[in-house]
Amino acid sequence: MRSILSFFLLVIPSLALSETYEVQMLNRNANGSMVYDPPYLNIQAGDSIKFVATRPGHNAASIKGMIPDGATAIKGRLNEEITVTLNVEGLYGIKCTPHFDMGMVMLIEVGAQRARAEDLPDGLPERAAARLHSYLAEKN
């Protein structure tokens with residue numbers, strides 16, 4: 001009985017402190033076409049993100065080279081609303097697979113680490129790289 005009580009005393013407070021953020025996958029908004037809204041988040045380990053497909057043809061997936069060591073890659077299917085919990089601190093790059101070349105990307109910082117231009121991998125599509133650099137410039 002004592003171990004069960006200890007478990008609940010440790011787990012319940014951490015669940016109460018975690019947050020869920022909603023990210024919409026959009027065809028267009030004031031920032032342009034093929035966008036995530038918001039395009040940048042800074043969250044704590046254990047927080048969740050709900051990716052909402054507001055229009056058909058979008059997904060949320062990890063960008064190769066932009067996921068912390070030990071983290072699980074994100075790979076939502078097209079038109080799928082998914083919720084992911086990010087438990088590993090670091091920088092996550094997210095893309096819409098069919099619209100990656102069009103620059104449909106976002107940045108998520110988990111924990112205290114702050115993204116820098118040097119953290120972006122080489123070989124990103126031109127529009128995706130430009131958007132990621134603009135998000136970094138806006139937040140700094």
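Please determine, in degrees from 0 to 90 and to the nearest 10, the orientation of helix 2-17 with respect to the longest principal axis defined by the Cα atoms of the chain, where the helix direction is its Cα long axis. Between helix and principal axis, roughly 30 degrees. Charged neighbours of residue 76, selected by a Cβ distance under 13 Å, balance to +2 (K, R count +1; D, E count -1).
Helix 126-139 sits at what angle to the longest principal axis of the chain, using alpha carbons and giving 0 to 90 degrees rounded to 10? For 126-139 against the chain, the angle is about 60 degrees.
The shape of region 64-140 comes out oblate: with a ≥ b ≥ c from the C-alpha gyration tensor, a/c is at least 1.5 while a/b does not beat b/c. When both bridge partners sit in region 18-139, DSSP labels roughly 65% of those beta bridges antiparallel. Taking Lys and Arg as +1 and Asp and Glu as -1, the other residues whose beta-carbon sits under 12 Å from that of residue 29 total +1. For residue 75, the lysines whose Cα falls under 25 Å of its own Cα, not counting residues fewer than eight places away in the same chain, are 50, 64, 95. Between residue 83 and residue 130, the distance separating the two model label sites (each 7 Å from Cα on the Cα→Cβ line) works out to 3.7 nm.
Under a Cβ-Cβ cut-off of 9 Å, what is the net charge of the residues other than residue 44 that fall near it, where Lys and Arg count +1 and Asp and Glu count -1? The answer is -3.
Here, each number is a calculation from the coordinates, and none is a lab measurement. Quick caveat: nothing in here was measured; it's all calculated off a predicted structure. A quick note on method: Cβ atoms are made from the backbone with ideal geometry, for glycine too, and the neighbour counts reach across all protein chains shown.
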